[in-house]
Amino acid sequence: MSKYIDTHCHLNLDTFTHRIDEVLDAAADVGVERVICIGIDIPTSERAIALAETYPQVYAAAGIHPNDCVQPGIPDNWEQIIGEMLNHPKVVAVGETGLDYYWDDAPPEQQQKFLQAHLDLAQSNDLSIVLHNRNSDADMVKLLTSHPHAKGVLHCWSAPWDIASPLLDKGYHISFTGSVTFKKNRLVQEVAQRIPLNRLMLETDSPFLTPAPFRGQKPNEPKYIPAIAQFIADLRGLGIENLARETTRTAEKLFRL
């Protein structure tokens, strides 16, 4: 059986509160042996760390999502709080951070300020950064290519190749969710075909974006990683064993697993 890592999931959300053992067991049954649980604010970052402490196959990332950077409960010393979380031995990345101009939840200037701060935290702690980009391609490329830090991943890739290319040149990785399997997602599928194999990773972003042929089933779970892998392997004309081996190796290296 091929072995996988789900590099981005949200088992720390309420959706999974009473199902963690079931979800992790189902993932292990299909070869998904490790998962990285991603924080979107301080409470969910704390929850991700708690899960990582409880389950040996779970790792954590700590950060504040761009849509959450104007929450009234964010303390003034949030950078210090997140920075202290980064010292935990099972925290393998900073994030999720980034830019999201699709939703009108936070002013772009505020999002950019938080992204810069997360990049600084990642650089000073020598950690990878997990990046969210939605409808903010130009500003994302500008901010990332101008910052000295260049170790991390653009998660849930949704942009065309001309946006991927400068970020790959900078040194970033790209990961694909179940959205790559959607029939009309040709631009994302092109990136999945063209990206160097050693810069490609797999994720579910669960509980969101269940892949075909399971689309519509909720919640999405790490157990669906093999469906994403098979789709990308077919796009690239690879055997799934090869894709699983290489994406696992890439995740292990990037996140020091």
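Tabulated values for the structure
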quantity: Selection status of ASP21, surrounded by 15 or more Cβ atoms within 10 Å (Cβ to Cβ) and not in a loop (DSSP other than H, G, I, E, B); calculated: no
quantity: Which listed residue is out of contact with any helix residue (DSSP H, G or I) (no Cβ under 8 Å at 6 or more places or on another chain), at pLDDT below 95 and within 22 Å of THR177 (Cβ to Cβ), from ASP14, ASP76, ASP68, ASP105; calculated: ASP68
quantity: Counted residues, the stretch 202-257 - those being loosely packed, with under 15 Cβ neighbours inside 10 Å and at pLDDT below 95; calculated: 4
quantity: In the stretch 43-72, the residues that are part of a loop (DSSP other than H, G, I, E, B) and without any contact (Cβ under 8 Å) to a residue 24 or more places away in the chain; calculated: PRO56, PRO72
quantity: Any chance ILE40 is touching a helix residue (DSSP H, G or I) at 6+ places or on another chain (Cβ under 7 Å) and assigned to a strand (DSSP E or B); calculated: no
quantity: Residues satisfying the stated conditions in the stretch 150-194, i.e. closer than 19 Å to SER128 by Cα, under 17 Å from the mean Cα position of the chain (by Cα) and surrounded by fewer than 22 Cβ atoms within 10 Å (Cβ to Cβ); calculated: ALA150, LYS151, LEU168, GLY171
quantity: Hits in the stretch 43-81 - residues which are farther than 21 Å from SER206 by Cβ and either surrounded by fewer than 23 Cβ atoms within 10 Å (Cβ to Cβ) or under 17 Å from the mean Cα position of the chain (by Cα) (or both); calculated: VAL70, GLN71, PRO72, GLY73, ILE74, PRO75, ASP76, ASN77, TRP78, GLU79, GLN80, ILE81
quantity: Inter-residue pairs, beta-carbon under 6 Å, first farther than 16 Å from ILE64 by Cα and in the stretch 118-131, second crowded, with 16+ Cβ neighbours inside 10 Å and modelled with pLDDT of 95 or more, 6+ apart; calculated: GLN123/HIS149; ASN125/LEU86
quantity: Neighbours by Cβ (under 7 Å, 6+ apart or cross-chain): first from the stretch 233-257, within 12 Å of LEU200 (Cα to Cα); second part of a loop (DSSP other than H, G, I, E, B) and hydrophobic (A, V, I, L, M, F, W, C); calculated: ALA251/LEU257
quantity: Single residue of LYS218, LYS151 found to be among the basic types (Lys, Arg) and free of Cβ contacts under 8 Å to residues at least 24 places away in the same chain; calculated: LYS218
quantity: Those residues of the stretch 152-186 which are within 24 Å of LYS253 (Cβ to Cβ), assigned to a helix (DSSP H, G or I) and polar (S, T, N, Q), in sequence order; calculated: SER165
quantity: Residue under evaluation GLU96, criteria (1) under 21 Å from ASP14 (Cα atoms); (2) surrounded by 24 or more Cβ atoms within 10 Å (Cβ to Cβ); (3) in contact with a helix residue (DSSP H, G or I) (Cβ under 8 Å, 6 or more places away or on another chain), criterion not met; calculated: (3)
quantity: Number of positions in the stretch 197-240 that are part of a loop (DSSP other than H, G, I, E, B), touching a helix residue (DSSP H, G or I) at 6+ places or on another chain (Cβ under 7 Å) and under 20 Å from VAL35 (Cβ atoms); calculated: 10
quantity: Selected residue [under 16 Å from THR247 (Cβ atoms), among the aliphatic types (A, V, I, L, M) and in contact with a Lys or Arg (Cβ under 8 Å, 6 or more places away or on another chain)] from LEU144, LEU168, LEU127, LEU154; calculated: LEU168
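The values are calculated or read from the model by the stated rules, or taken from the named source; none is laboratory data. Source: prediction; values computed, not measured. Here Cβ is always computed from backbone atoms with ideal geometry, including for glycine, and neighbour counts include all displayed protein chains.
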